[in-house]
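Trainee: This structure is in structure tokens; I'll ask about it shortly.
The values are calculated or read from the model by the stated rules, or taken from the named source; none is laboratory data. The structure displayed is predicted, hence computed values, not measured ones. Note: ideal-geometry Cβ built from the backbone for every residue, glycine included; neighbour counts use all protein chains shown. Just so you know, the surface numbers come from the protein's heavy atoms only, side chains and all, with ligands and any DNA or RNA stripped out. Shrake-Rupley method; radii C 1.70, N 1.55, O 1.52, S 1.80 Å.
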Amino acid sequence: MILISGATGNVGGELLRQLRSEGEAVRALTRDPARAKLPADVEVVKGDLGAPGSLTKALAGARALFLMMSGNEAAVLAEAARAGVRRVVLLSSVAVETRPESLIGRVHRDAERAVEESGLEWTILRPGQFASNTRSWGAQLAAGDVVRTPFARVGLPAIHTGDIAAVARVALTREGHAGAVHSLTGPQAITPVEQVAAIGRVTGRALRHEEITPERAKEAMSAHMPADIVEATLEFLGSPTVAETRPLPTVETVTGKPARTFEEWARDNAEAFR
Ligand SMILES: NC(=O)c1ccc[n+]([C@@H]2O[C@H](COP(=O)([O-])OP(=O)(O)OC[C@H]3O[C@@H](n4cnc5c(N)ncnc54)[C@H](OP(=O)(O)O)[C@@H]3O)[C@@H](O)[C@H]2O)c1
């Protein structure tokens, strides 16, 4: 049985679907089963990565764990090892290698270190920008046909969250990925202007992009994100390193299927923008 943390989220949700369609036994971890909105026949267990003592029931009988970052990895992994878990796949971030001194780089590297020292068989995934970040445009698109973002023409190889999940699925269920660090991107760099156009095509809406200043974006983001995360995110979006803009072949190397484009992600998730 595989325990999936983040099963109500973008990557964990896709992973749950993929593992179930392969016939794997899975269990979904959530802090709030009442809000989880997962299919009725999914085993959903309440637990909080921030309180490892709450994970006993979720970990019982699990042989593998898909782990979201929580800042509490050492204690979570000690619980997992006690429960008999043998394999862990961590969702980390490309920032560990492209900007190791940044807040995002440091917290993910701490999580990776705990995984490496856990004594379990481990695999680390380091994705770059998620295609699903554009879900944050949902409110603007519900209110009208204009999406306002900064850095209109800065392109990043946004990754389909289903492709991150596919790499996780392979690492969790096949041999040959123990001790591997997989850096992951989508197949091509795409700008916010191009993302808005792609969402317009898949939804049949006449959408427009309007560029705003980083200062204005900062104000809007600060309403629902801590200031240091806002700073780090704007830095990443506005001034990517060369490595952050380059597509990598890893998705295809690991899964045997080419990485999907942003437009494919938008088509698969079009209901978020209608
Ligand atoms: N967005 C990006 O561009 C990007 C790039 C690189 C790496 N990442 C990594 O990916 C992560 C986000 O992944 P995502 O988009 O798939 O997630 P998401 O959709 O934002 O959802 C977060 C998930 O984490 C679970 N969770 C949060 N805190 C928890 C806790 N204390 N105990 C148990 N579960 C907890 C939530 O479950 P419940 O609410 O149901 O409990 C939810 O399923 C980031 O945090 C970062 O580490 C993101």
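Trainee: Any residue in region 12-24 that's on the phi < 0 side of the Ramachandran plot: show its pairings with residues that are of a type in the set (A, V, I, L, M) and assigned to a helix (DSSP H, G or I) at Cβ separation under 6 Å, as long as the two are six or more apart or on different chains.
Mentor: Sorted first by the residue in region 12-24, then by its partner, the pairs are Glu14/Ala165; Leu15/Ala165; Leu15/Ala168; Gln18/Ala165.
Trainee: For Ala75, state whether it is over 18 Å from the mean Cα position of the chain (by Cα) and more than 16 Å from the ligand (Cβ to nearest atom).
Mentor: no
Trainee: Looking only at region 126-134, decide whether some residue is over 23 Å from Gly12 (Cβ atoms) and either in contact (Cβ under 8 Å) with a residue 40 or more places away in the chain or touching an Asp or Glu at 6+ places or on another chain (Cβ under 9 Å) (or both). Talk me through it step by step, then tell me what you get.
Mentor: From region 126-134, those over 23 Å from Gly12 (Cβ atoms) are none; that's our starting set.
Looking through region 126-134, none of the residues is over 23 Å from Gly12 (Cβ atoms) and either in contact (Cβ under 8 Å) with a residue 40 or more places away in the chain or touching an Asp or Glu at 6+ places or on another chain (Cβ under 9 Å) (or both).
Table: residues versus (1) over 19 Å from the mean Cα position of the chain (by Cα); (2) of a type in the set (Ser, Thr, Tyr).
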| position | (1), (2) |
| --- | --- |
| Gly204 | yes, no |
| Met225 | no, no |
| Thr245 | no, yes |
| Leu248 | no, no |
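Trainee: Which residue out of Arg148, Arg205 is of a type in the set (Lys, Arg) and open to solvent by 70 Å² or more (accessible area, probe 1.4 Å)?
Mentor: On the way: Arg205 fails: open to solvent by 70 Å² or more (accessible area, probe 1.4 Å).
Result: Arg148 is the single residue among Arg148, Arg205 that is of a type in the set (Lys, Arg) and open to solvent by 70 Å² or more (accessible area, probe 1.4 Å).
Trainee: Another question about this same structure. Select from region 29-59 the residues that are under 15 Å from Ser70 (Cβ atoms), of a type in the set (A, V, I, L, M) and in a helix (DSSP H, G or I) and list them in ascending order.
Mentor: Hits for region 29-59 are Leu55, Ala58, Leu59.
Trainee: Then there is this: Testing Arg87 on (1) closer than 22 Å to His108 by Cβ; (2) more than 8 Å from the ligand (Cβ to nearest atom); (3) open to solvent by less than 20 Å² (accessible area, probe 1.4 Å), one condition comes back false. Which one is that?
Mentor: (3)
Trainee: If I ask for residues that are in a helix (DSSP H, G or I), within 30 Å of Arg82 (Cα to Cα), open to solvent by less than 30 Å² (accessible area, probe 1.4 Å) and among the β-branched types (Val, Ile, Thr), which ones from region 99-139 would you list?
Mentor: Selection gives Val115 alone.
Trainee: Any chance region 166-173 includes a residue that's among the polar types (S, T, N, Q), within 22 Å of the chain's Cα centre (by Cα) and away from the ligand (no atom under 16 Å from the Cβ)?
Mentor: yes
Trainee: Considering each residue of region 23-39, count those that are over 24 Å from Thr173 (Cα atoms) and more than 9 Å from the ligand (Cβ to nearest atom), and give that number.
Mentor: Number satisfying all stated conditions: 2.
Trainee: Could you tell me whether Val154 is at pLDDT 95 or above, in contact with a Lys or Arg (Cβ under 6 Å, 6 or more places away or on another chain) and open to solvent by 10 Å² or more (accessible area, probe 1.4 Å)?
Mentor: Values: at pLDDT 95 or above: yes; in contact with a Lys or Arg (Cβ under 6 Å, 6 or more places away or on another chain): no; open to solvent by 10 Å² or more (accessible area, probe 1.4 Å): yes.
When the stated conditions are applied, Val154 does not pass them.
Trainee: Go through Met225, Met221 for me and flag whichever is of a type outside the set (D, E, K, R) and assigned to a loop (DSSP other than H, G, I, E, B). Spell out the reasoning first.
Mentor: Numbers: Met221 fails: assigned to a loop (DSSP other than H, G, I, E, B).
Only one candidate passes the filter, namely Met225.
Trainee: Condition (residue is in contact with a helix residue (DSSP H, G or I) (Cβ under 9 Å, 6 or more places away or on another chain), among the polar types (S, T, N, Q) and not in a loop (DSSP other than H, G, I, E, B)) applied to region 61-84: is it met by at least one residue?
Mentor: No; the residues of region 61-84 include none that is in contact with a helix residue (DSSP H, G or I) (Cβ under 9 Å, 6 or more places away or on another chain), among the polar types (S, T, N, Q) and not in a loop (DSSP other than H, G, I, E, B).
Trainee: Within region 46-72, which residues are closer than 21 Å to Ile164 by Cα and either open to solvent by less than 20 Å² (accessible area, probe 1.4 Å) or more than 11 Å from the ligand (Cβ to nearest atom) (or both)?
Mentor: Across region 46-72, the qualifying residues are Arg63, Ala64, Leu65, Phe66, Leu67.
Trainee: Output the number of residues of region 5-43 satisfying the condition of being of a type in the set (A, V, I, L, M) and open to solvent by 50 Å² or more (accessible area, probe 1.4 Å).
Mentor: Matching residues across region 5-43 total 3.
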